[in-house]
Amino acid sequence: MDFGITGRTALVTGADSGIGWQTARSLLDEGVRVVITDLEEEPLRAAALRLDAPSDKCLWFPADITSVESLKALRHFVETSLGGLDILVQSAGITGAQGLFHEISDQGWVDTITVDLLGPVRVLQQFLPALRSGGWGRIVLLASEDAVQPYDDELPYCAAKAGILALAKGLSRTYAREGLLVNTVSPAFIHTPMTDAMMDKRADQLGVSRQDAIESFLDEERPYMELKRRGTPEEVAAVITFLCSERASFVNGSNYRVDSGSVATI
Ligand code: NAD
């Protein structure tokens, strides 16, 4: 299938690893010029090298999505290097404060919401003008299965991701007639550094190997993940790339689950 986005321009956040990196890979394969961004310069530079694309097609610039000043510098870089912006994939995020509600401090809530909800808001504040100006645009925000199926040991993350669904739905109403379509993707348990860290913590707590931790997690905590394995970043990036494409021209305000059935409701 020709996705029809050759020559388009994109910004991908959280792109030094995991789903963001794989999405950059996939967009580059479609002929999109991509700026990747993440917190730290060195891992980002290495991530750009691993993408193995010409330097005028794949550019990188570090930024903290919680910092308006940092995002302004990123905006300046995107304006001067890409000229305009057609596609935004907001993948940066953290698991944040974990524990039952009575175990999580006020600061834990503030820190998690600041990255996972306010961060995407600030990214949108900086890049919406450029995305609106071309008459064609795509925004994909990474939400999570947790947005609609809250787990009681990570409520700040669940609340932030539920906020992402509301944010995207609202934006999809405001800008669709300008040609700017907004959707969310909600993965579950994808094989990335984020879930490696979760599984290493679980393995430590249970005194088992990472693989045993994954298997017991699937059995006990994600019983409806019918494929009984972690997903791959490629499997998420494929859906994101479709939503960023010309082929998704009638998809707006949707939430695509990439979760092998983890969300039990229809
Ligand atoms: P990841 O940890 O591999 O990537 C997230 C990236 O975000 C990291 O590289 C990190 O440095 C970056 N980041 C964190 N805070 C930042 C900040 N303040 N500014 C800029 N960058 C920052 O994780 P991933 O699994 O690829 O997750 C990508 C997105 O998908 C996240 O939004 C996550 O919540 C969501 N998600 C992931 C899973 C999963 O199972 N992996 C499931 C549901 C949702």
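Couple of notes before you dig in:
- GNM top mover of ALA203, ALA130, ALA24 - the chain, alpha-carbon springs below 10 Å: ALA203
- Straight-line reach from LYS228: taking Cα to Cα under 17 Å and skipping same-chain neighbours fewer than 8 places apart, the aspartates and glutamates in range are GLU145, ASP196, ASP212, GLU215, ASP219, GLU220, ASP259.
- Acute angle (nearest 10 degrees) that the helix 119-133 long axis makes with the longest principal axis of the chain, alpha-carbon atoms: 20 degrees
- Globularity index of the chain is 0.98 (Cα radius of gyration / 2.2 N^0.38 Å, N = number of residues).
- Degrees, to the nearest 10: 155-175 long Cα axis against longest axis of the chain: 30 degrees
- Set of lysines with alpha-carbon distance to LYS169 below 18 Å, sequence-local pairs under 8 removed: LYS161
- In the chain, helices alone account for a calculated mean residue ellipticity at 222 nm of -14000 deg cm²/dmol, with every DSSP H run of four or more residues adding -39,500 (n - 2.57).
- Positive dipole terminus of the chain, leading residue within ILE94, VAL121, ALA264 (C-beta point charges): VAL121
- Footprinting exposure proxy for ARG75, ARG177 (fewest neighbouring C-beta atoms within 10 Å first): ARG177, ARG75
- Distance from the range 226-266 to the range 116-165 (C-alpha centre basis), Å: 15 Å
- Comparing mean-square fluctuations of ALA248, ALA237, ALA159 from a GNM of the chain with C-alpha springs under 10 Å, the top value falls on ALA248.
- Dipole-positive endmost among ALA46, THR6, VAL140 within the range 1-158 (Cβ charges, Cα centre): THR6
- In the range 183-248, taking the dipole from charged Cβ atoms about the Cα centre, the farthest positive-side position among PRO187, PHE217, ALA237 is held by ALA237.
- Electrostatic dipole magnitude of the chain [Cβ: Lys, Arg +1; Asp, Glu -1; Cα centre; debye, to 20]: 1120 debye
- Among LEU74, LEU167, LEU51: highest mean-square fluctuation, GNM of the chain, C-alpha pairs under 10 Å: LEU51
Values quoted throughout were computed directly from the atomic coordinates according to the rules given, and no laboratory measurement underlies them. Predicted, not measured: the structure shown is a model, and the values here were computed from it. Here the Cβ is made from the backbone with ideal geometry for all residues, glycine too, and neighbour counts use every protein chain on show.
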